[in-house]
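All remarks here apply to the structure that follows.
Read-outs: derived from the displayed coordinates by stated rules, not from any lab. Note that the coordinates shown come from a computational prediction; the quantities given were computed from them, not determined experimentally. Quick reminder, even Gly has a Cβ in these numbers, built from the backbone with ideal geometry, and neighbours come from all protein chains shown.
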């Protein structure tokens with residue numbers, strides 16, 4: 001069911017060929033949702049609460065406005081499409097699995113301690129609006145990128161996933177590091193721009209421009225939905241012919 005996926009590139013400094021054709025098959029495509037947890041994705045818990053208590057909530061306005069008004073609604077649209085058609089959805093979370101944080105990477109321990117990134121805490125849960133359904137895999141990482149501390153690569157290869165669509169937070173950190181590593185492992189990678197958020201708009205925009213130059217594509221939720229829907233419709237038409 002190999003199809004052609006046309007993804008409109010977004011952001012500053014776009015290349016001359018603003019649509020890139022990629023061999024694309026929804027059956028071998030995974031939607032990977034990164035770190036959409038309460039401690040980093042909710043303005044009243046974890047990161048958001050700390051900035052508010054320090055009188056710096058204004059610095060987080062762009063992030064949380066974007067998460068609430070754009071990222072979560074777009075993820076719900078993507079999840080609805082993928083679930084209706086039985087396509088693969090994978091979640092990645094960030095946090096320690098040890099109460100004493102002994103399994104955490106050295107440079108991550110302070111973050112986990114500060115925002116209660118420990119097993120079973122309310123802060124570590126995935127946001128309810130986009131929570132996993134039974135049968136959807138959740139990989140917990142203790143590093144910025146997912147591949148360094150999980151069996152995600154083994155899972156993707158076991159199920160013959162070749163096309164990876166990345167969304168979540170933060171664009172230039174956990175989403176971006178995971179997507180870049182995936183590209184180095186020779187997966188076909190796309191970051192869904194309007195299903196991601198960062199601490200600052202400047203970080204978000206800069207990273208997407210960098211990613212597009214060297215690692216993969218940047219696309220909108222609308223273009224992903226159109227491409228997946230089109231490929232599925234053509235496959236049904238071919239089977240019925």
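Defining a contact as two alpha carbons under 8 Å apart and six or more residues distant in sequence, what relative contact order in percent does the range 156-241 show?
Value for the range 156-241: 28 percent.
Could you calculate the FRET efficiency of residue 186 with residue 237 from 1/(1 + (r/R0)^6), where r is the beta carbon distance between them and R0 is 22 Å, rounded to 0.05?
So, using R0 = 22 Å, E works out to roughly 0.10.
Note the full-extension length gain between residue 129 and residue 83 as 0.36 nm times their separation in residues minus their Cα-Cα distance, in nm to one decimal.
Difference between extended and current length: 15.1 nm.
Counting only Cα atoms, I'd like the Rg/Rh figure for the chain, Kirkwood definition for Rh.
On the Cα set of the chain, Rg over Rh gives 0.97.
Indicate, rounded to the nearest 5 percent, the antiparallel portion of the DSSP beta bridges found entirely in the chain.
Bridges in the chain that DSSP calls antiparallel: roughly 20 percent.
Based on the alpha carbon coordinates of the range 45-126, what radius of gyration and maximum Cα-Cα distance (Dmax) apply, in Å?
15.8, 45
Arrange the peptides 128-136, 225-233 so that the one whose residues have, on average, the most other Cβ atoms within 10 Å appears first.
Top to bottom by mean Cβ count within 10 Å: 225-233, 128-136.
According to a simple spin-label model (label point 7 Å from Cα along Cα-to-Cβ), what is the distance in nm between residue 213 and residue 53?
Here the modelled spin labels are 4.0 nm apart.
Report the gain in length on full extension from residue 153 to residue 138: 0.36 nm times residue separation, minus Cα-Cα distance, nm rounded to one decimal.
4.1 nm
May I ask you to order 211-217, 54-60 by the average number of other C-beta atoms within 10 Å around their residues, highest value first?
Answer by packing, highest mean first, reads 211-217, 54-60.
By per-residue mean of other Cβ atoms within 10 Å, what is the highest-first order of 95-107, 158-170?
158-170, 95-107
How large is the helix-only mean residue ellipticity at 222 nm for the chain, computed as the sum of -39500 (n - 2.57) over DSSP H runs with n ≥ 4, divided by its residue count, in deg cm²/dmol to the nearest 500?
That comes out to -10500 deg cm²/dmol.
When only C-alpha pairs under 8 Å and at least 6 residues apart count, what is the relative contact order of the range 3-236, in percent?
Relative contact order for the range 3-236 comes out at 27 percent.
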